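The values are calculated or read from the model by the stated rules, or taken from the named source; none is laboratory data. The shown structure was predicted, so the numbers you read here are calculated from the model rather than taken from an experiment. For neighbour counting, all protein chains shown are included, and Cβ atoms are generated from backbone atoms with ideal geometry for every residue, glycine included. SASA here: full protein model, heavy atoms, side chains in, ligands and nucleic acids out. Shrake-Rupley method; radii C 1.70, N 1.55, O 1.52, S 1.80 Å.
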Amino acid sequence: MGLAAREDGIVRMANQPETEAAAPDAPAVGLESSTYEIIRNRLVNSGKDLRTRLDQLNEARKEVFGSIDTALLNTERITTEHNCVARDMVAIGNRFLFGYNVHLGLKSEMELSDVFAVYSHAEQTFQTETLELIDDAEFAKDFKDLFRYYKNATFAKFATRGPHLYMVFRVGKEVGEIKTFKWLLHGQDKPKYVDNRSDHEFKFPPQHEFEWKRTHRDLHQSGDHPHISIENRVFVETVGGDLTIKVENNTDTGEGIYSEDVEHADQTLDDAEIYYALVGNIILLKIRPYQEKSFRYIVFNEKLQQARRLDSIKDACVMLPDDHGLIFSNGYYLQDGEYKTFENDLQDMLYERVIAAPNGEDYLYVFYNRESGVYVLLPYNLIEQKVDTPIICNGMTLFEAGELLCFKGSDEPQKHHAIQIWQTPYVDDDYVPHTQDDSFLSKIGNKDIVRGMAECHEVLNLINKEDTYANLYTDLVKQAGDIADSYFWTSREDCFNLAAALSSVKEAASAAVDEFEKVVRVKKNTADQTRDTQKRTKEILSQIQHRRFEHINDFVASLSDLRTVRGDIISLRDLRYVDEPLVEQLETEVSEQTERLARSCVEFLLRPEALNPYAEKVRDEQSRIEDLTKVTDAKQRVRFCERCFNVADEGELLRKFFDEMRKYRPMVYV
């Protein structure tokens, strides 16, 4: 078949109806897809039923055990005696201690009132109190000695550790150079001063609640593209100019699921410094390529086979309750792959503590910057499995009934300070909310109900994921069954019979397992064809960029390649589960390159000598005709005809492009 005929075939194929293009396999694929979608709809409907029952149970739970939502109640102002830079605050009984820094000026000695003020809190208003709350002769002496020995001492923060309160002062250039005053708070409205020799007791908890392990030579896998095996679950390398994460132990290829450039391309496997940590199906990677100053932090989800760069875990990253996942200063990452980051410019945030609400569902994670004194408060809900909008402030404290006071400081000294008052569920353990003791839910207990509801929400999250990983429906079957087996009350009508909805979910997920395997095969076939076409497209476009185009044959070959690969790209649209945006992008790139090359070809053909190669071919073939007189010359005759057809096909291809390009400028025909 000649070249022109082949091109016509490609165009006809691209214009055929979708059912014809995939005729051999269309019935099977259509049946698979239809069956799978029916099962998916059943599963989604079961999920909606489960969510409705959960909402009903949650409302009943709140009526029995009480509910406190987080809400901003009011903003009040307090006034300090001096212009100052507010730093922190701490609740003591129904009062709070306010800490700040003032500029001494000509004053020779620091007084307690130059650093502290006391206010009472009642009914969302504040009243100024005397410093009687911290009136202690020994403390007053130690306080004056501090500023006598450290002229540049500044108040840094309040910190509660168990029953003790620490007043932390910074006495040097580094944030770690501190002096503290220790007070006993437990069971007393007025704190009792202990000493000023407890600096070593004030420290932050471990900033990573997991252990970083460093890779070693025994984990290296050699080959054309060597890599380091991480527990044989994921594979990492920084050679060949990029950092690559792979999910297959295959050293024959350097391709992976994630890659990013490194600064030094010429480095070996030994040159990079690589650590890892295992947290369920999450694998954390801490990587510093050769001679780079900073580590790169990557989170790999083994189930989803996905990797994501999250440098926020550098300073602090701790575990969420019940192995839900990880939380850090500007976001969270769950075991099921759900994640969220909040946009802010805060750096060097340390994990300070977590405050658990008695209701069993709310947790407040507190992060702190030792230099600026900024707090980030991340409220995590165990049932919904998400973090609400963070609260960023310069000082915060909680009262017994759950009132959260916080303020946003200013670098400029001022006398008036706005204090926000929030209502939160983080009440004291001694706080007794209104409950109904005679209901069946009260016999179960709030925390057990919350835990069961949280696991049901994990099922809903899996349903919403559709088909993002291979064992999704297997996990759904297991999770739905485990919940019904673990919580006896799920089958009770008092708890809205969650077991019935879970059983429906389990049944639909079981039916989806086999059908999903068929869909996976179809998707894999589509992905393979798309990847091959994308690779060919990239190679052809690259060749065109490096070709000199000094001969008409260069234009003919490139235009032919472009038309062929465009036909392949158009054919991808007939495949199920194809990446439509990618196909659109490839077709656009090829079309634009074809247009540019056709214009250049027109310019080239305006030259008088442009078609000389064809004329020379014709003369050369004509000169050989006279020698083909014997029957034994048959093979040469065939080759002669093929050469003539090729010349004709190339000329026909050019003619077609000329017709297509007529609208751009006048054409010259020969």
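Need the failing condition index for LEU219 against (1) exposed (fewer than 14 other Cβ atoms within 10 Å of the Cβ); (2) more than 30 Å from ARG161 (Cα to Cα); (3) at pLDDT 90 or above; (4) not β-branched (Val, Ile, Thr), just the number.
Every condition holds for LEU219 apart from (1).
Would you be able to tell me the number of residues in the stretch 261-311 that are open to solvent by 40 Å² or more (accessible area, probe 1.4 Å) and free of Cβ contacts under 8 Å to residues at least 60 places away in the same chain?
19
Taking strands (runs of 3 or more DSSP E) that fall entirely within the stretch 348-408, which contain at least 2 residues that are touching a strand residue (DSSP E or B) at 6+ places or on another chain (Cβ under 8 Å) and either open to solvent by 20 Å² or more (accessible area, probe 1.4 Å) or not hydrophobic (A, V, I, L, M, F, W, C) (or both)?
Because the criterion is at least 2 residues that are touching a strand residue (DSSP E or B) at 6+ places or on another chain (Cβ under 8 Å) and either open to solvent by 20 Å² or more (accessible area, probe 1.4 Å) or not hydrophobic (A, V, I, L, M, F, W, C) (or both), the strands (runs of 3 or more DSSP E) in the stretch 348-408 that meet it are 350-356, 362-368, 375-381, 391-393, 395-398.
What number of residues in the stretch 93-123 are open to solvent by 10 Å² or more (accessible area, probe 1.4 Å), of a type in the set (A, V, I, L, M) and in contact with an Asp or Glu (Cβ under 9 Å, 6 or more places away or on another chain)?
Taking the stretch 93-123 as the starting set, the residues that turn out to be open to solvent by 10 Å² or more (accessible area, probe 1.4 Å) are 93-95, 101-113, 117, 120-123.
Going one step further and asking which of them are of a type in the set (A, V, I, L, M), we end up with 102, 104, 106, 110, 112, 117, 122.
The next check asks that each one be in contact with an Asp or Glu (Cβ under 9 Å, 6 or more places away or on another chain); those that pass are 102, 104, 112, 117.
Result for the stretch 93-123: 4.
Taking the stretch 52-66 as the search range and keeping residues that are open to solvent by 50 Å² or more (accessible area, probe 1.4 Å) and modelled with pLDDT of 90 or more, which one is farthest from LEU460 (Cα to Cα)?
Residues of the stretch 52-66 open to solvent by 50 Å² or more (accessible area, probe 1.4 Å): 52-53, 55-56, 59, 62-63.
Next, only the ones that are modelled with pLDDT of 90 or more stay: 52-53, 55-56, 59.
Details: THR52: 11, ARG53: 12, ASP55: 13, GLN56: 16, GLU59: 18 Å.
Top of the filtered list is GLU59.
State which residue pairs qualify: first residue surrounded by 18 or more Cβ atoms within 10 Å (Cβ to Cβ) and inside the stretch 161-175, second residue acidic (Asp, Glu) and at pLDDT 95 or above in any location, beta carbons under 6 Å apart, and separation of 6 or more residues or different chains.
none
Which ones in the stretch 151-175 are over 16 Å from PHE204 (Cα atoms) and part of a strand (DSSP E or B)?
THR154, PHE155
List pairs: first residue in the stretch 439-462 and touching a residue at least 12 places away in the same chain (Cβ under 8 Å) and open to solvent by less than 30 Å² (accessible area, probe 1.4 Å), second residue of a type in the set (D, E, K, R) and not in a helix (DSSP H, G or I) anywhere in the structure, Cβ distance under 6 angstrom, at least six positions apart or on different chains.
VAL450/GLU361
Got a sec? Which strands (runs of 3 or more DSSP E) wholly within the stretch 288-337 have at least 3 residues that are of a type in the set (A, V, I, L, M, F, W, C)?
296-301, 325-328
Return only the number of the condition from (1) open to solvent by 50 Å² or more (accessible area, probe 1.4 Å); (2) part of a strand (DSSP E or B); (3) in contact (Cβ under 8 Å) with a residue 24 or more places away in the chain that GLN127 does not satisfy.
For GLN127, the exception is condition (3).
Would you mind telling me which numbered condition in (1) touching a Phe, Trp or Tyr at 6+ places or on another chain (Cβ under 8 Å); (2) at pLDDT 95 or above; (3) open to solvent by less than 40 Å² (accessible area, probe 1.4 Å) ILE421 fails?
(1)
So which residues in the stretch 176-195 are open to solvent by 40 Å² or more (accessible area, probe 1.4 Å) and either among the basic types (Lys, Arg) or not in a strand (DSSP E or B) (or both)?
The answer is GLY176, GLU177, LYS179, HIS186, GLY187, GLN188, ASP189, LYS190, LYS192.
From the list ASN330, ASN394, ASN381, ASN359, pick out the single residue that is at negative phi and free of Cβ contacts under 8 Å to residues at least 24 places away in the same chain. I'd like the intermediate steps shown before the answer.
Working: ASN330 fails: free of Cβ contacts under 8 Å to residues at least 24 places away in the same chain; ASN394 fails: free of Cβ contacts under 8 Å to residues at least 24 places away in the same chain; ASN359 fails: free of Cβ contacts under 8 Å to residues at least 24 places away in the same chain.
Sole residue among the options that is at negative phi and free of Cβ contacts under 8 Å to residues at least 24 places away in the same chain: ASN381.
Loosely packed, with under 13 Cβ neighbours inside 10 Å and not polar (S, T, N, Q), is that true of ASP494?
It is false that ASP494 is loosely packed, with under 13 Cβ neighbours inside 10 Å and not polar (S, T, N, Q).
Identify all residues within the stretch 196-211 that are within 24 Å of ALA140 (Cβ to Cβ), open to solvent by 50 Å² or more (accessible area, probe 1.4 Å) and part of a loop (DSSP other than H, G, I, E, B); write none if there are none.
The answer is ARG197, and nothing else.
Given the structure, is ASP482 surrounded by fewer than 17 Cβ atoms within 10 Å (Cβ to Cβ), modelled with pLDDT of 90 or more and within 27 Å of LEU378 (Cα to Cα)?
So ASP482 does not fit the description; no.
Considering only the stretch 212-225, I want to know if a residue exists there that is under 22 Å from the mean Cα position of the chain (by Cα) and not in a strand (DSSP E or B).
yes
Being within 22 Å of LEU131 (Cβ to Cβ) and basic (Lys, Arg) narrows it down to one residue among LYS190, LYS173, LYS203; which is it?
Among LYS190, LYS173, LYS203, only LYS190 is within 22 Å of LEU131 (Cβ to Cβ) and basic (Lys, Arg).
Out of the residues in the stretch 74-92 that are among the hydrophobic types (A, V, I, L, M, F, W, C) and in contact with an Asp or Glu (Cβ under 9 Å, 6 or more places away or on another chain), which is surrounded by the fewest Cβ atoms within 10 Å (Cβ to Cβ)?
Result: VAL85.
For the subset of the stretch 250-260 comprising residues that are surrounded by fewer than 16 Cβ atoms within 10 Å (Cβ to Cβ) and modelled with pLDDT of 90 or more, which member is farthest from ALA307 (Cα to Cα)?
GLU260
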